[in-house]
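Please read the structure below before turning to the comments.
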Ligand code: NAP
Ligand code: G4F
């Protein structure tokens, strides 16, 4: 069973597990407009057993375990956008943090032999690091999102050590793809650059261009989640590429792919800065390589190409009047959305 099956990682993981012969259950929550575009885009929507549940409703989580009778639970659902966590810190604490405990409690009561994967995050390291980070590096969260994820990280360990539950933390560094949400910086860049190349947009407004991230490719990373739950012992693993690049470099490479100079289009806008930011992240995945046999297949330059080419192709299809499951055509201009930074 996958929580967060309608998100980027959930969709790729579901496809990966189906290809392995798994029967896949996924929880979805009630929204005014259903959000199944990723499952449809990957052409797996009809092969998933979809169960209604919400992270803030613990009985619905227990019920979803009963319905699926799962052997493995991949807990991916969360309020996953760091920027929003500064605007909605309390709901982020519930959804991204406390719900991990609800899921673990449901497992403990229903079937403590279920193997549990927690989507932990490199954000838990926070700001101020300058060296490559591993499972033993200190945590110092710099956002309400990171604090909630750190709580989930510790609850996962507590249930592992206290109740003998096979519970693992995947400490995943940023991973991206053409299925990434449009608010995250990589997809914002690839999507807007593609529109600029086709004359549909004329500028790209961004915040902190100096932030460095260790960006990998989401389909590679979901394989690591599965490997963790097949390992002989439950444990915590960093999943990363061990390379780091600035947001500026992501812009440079994206526009270069389209034969354009990023400096002609990118403008810095203070509305996209955060009250606190993490300026450097780079992960050491040696433990995963040695214990799980995992390593990244796709590195930075290839990732940029994949994302930009796919966004370009989608907008070309859209210009030709084609209709297909896709998020960008419905997305409003971000600067029209009122954020706290915008008000101040
Ligand atoms: P995502 O695309 O934002 O997906 C989040 C998922 O959570 C969606 O399916 C969403 O459902 C679901 N969700 C949110 N609130 C919910 C609620 N109240 N009840 C039920 N479902 C709810 O995130 P992602 O990039 O796939 O990331 C997956 C997980 O890994 C997240 O926990 C994220 O924090 C963590 N993570 C991500 C990265 C990364 O770089 N991608 C790195 C480290 C950790 P709707 O479709 O209904 O909104
Ligand atoms: O793409 P981002 O919003 O991702 P962020 O904050 O690193 O979080 C993502 O990765 C985490 C793993 O490390 C996950 F846990 C989390 O769920 C999420 O998937 O921002 C990346 C960097 C930040 O430093 C941000 O300040 O890009 C900088 N940035 C600069 N301009 C921008 C923008 N970010 C966004 N979203 N939009 C901008 O215009």
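Each reported figure results from applying straightforward, stated rules to the coordinates on display, with no laboratory input. This structure is a prediction, so every number in the text was calculated from the model and none was measured. We place every Cβ from the backbone using ideal geometry, glycine too, and count neighbours over all the protein chains shown.
Contact order normalised by length for segment 4-64, with contacts defined as Cα pairs under 8 Å and 6 or more residues apart; what percent is it?
Relative contact order comes out at 34 percent.
Give the distance, in whole Å, between the Cα centre of segment 38-71 and the Cα centre of segment 219-272.
Value for the Cα centre distance between the two parts: 28 Å.
What is the gain in length, in nm to one decimal, between residue 334 and residue 198 on full extension, counting 0.36 nm per residue of separation less the C-alpha to C-alpha distance?
Roughly 47.0 nm would be gained on extension.
Angle check, please: helix 185-197 long axis (alpha carbons) against the longest principal axis of the chain (alpha carbons), in degrees 0 to 90, nearest 10.
Tilt of helix 185-197: around 30 degrees.
Figure the gain on full extension for residue 154 and residue 113 (residue separation times 0.36 nm, minus the Cα-Cα span) and round it to one decimal in nm.
Full extension of this stretch gives 12.8 nm more.
What do you get for the angle between helix 300-319 and the principal long axis of the chain? Use alpha-carbon atoms, 0 to 90 degrees, nearest ten.
That helix lies at roughly 70 degrees to the long axis.
Kindly put 68, 85 in sequence by how many other C-beta atoms sit within 10 Å of each C-beta, fewest to most.
So the ranking, lowest neighbour count to highest, is 68, 85.
To make sure I understand, if each residue's beta carbon is the centre and we count other beta carbons within 10 Å, what order do 60, 102, 286 fall in, fewest to most?
So the residues, fewest neighbours to most, are 286, 60, 102.
How much mean residue ellipticity at 222 nm does the chain get from its helices, if each DSSP H run of length 4 or more adds -39500 (n - 2.57) and you divide by all residues, to the nearest 500 deg cm²/dmol?
For the chain, the value works out to -12000 deg cm²/dmol.
On C-alpha positions alone, give me the angle between the axis of helix 218-230 and the longest principal axis of the chain, in degrees, nearest 10.
That works out to roughly 10 degrees.
Tell me, what is the FRET efficiency for residue 301 and residue 209 to the nearest 0.05, using R0 = 25 angstrom and their Cβ-Cβ distance as r?
The computed FRET efficiency comes out at 0.85.
Taking 51 Å as R0, compute the FRET efficiency from the Cβ-Cβ separation of residue 31 and residue 131 and round it to 0.05.
Computed FRET efficiency for residue 31 and residue 131: 0.80.
Once you keep just the Cα pairs under 8 angstrom separated by 6 or more residues, what percentage relative contact order results for segment 102-206?
With pairs under 8 Å counted, the relative contact order is 28 percent.
Using a 10 Å cut-off on Cβ atoms, rank the peptides 209-220, 322-333 from the highest mean neighbour count down.
The densest-packed peptide leads the list: 209-220, 322-333.
Expected output is a single nm value to one decimal: the length gained when fully extending between residue 94 and residue 164, i.e. 0.36 nm times separation in residues minus the C-alpha distance. What is it?
22.7 nm
Just grab the label-to-label distance for residue 105 and residue 320, each label 7 Å out from Cα along the Cβ direction, in nm (one decimal).
For residue 105 paired with residue 320, the spin-label model returns 5.3 nm.
Please report 25, 125 as a ranked list, fewest other C-beta atoms within 10 angstrom at the top and most at the bottom.
Lowest to highest Cβ neighbour count: 25, 125.
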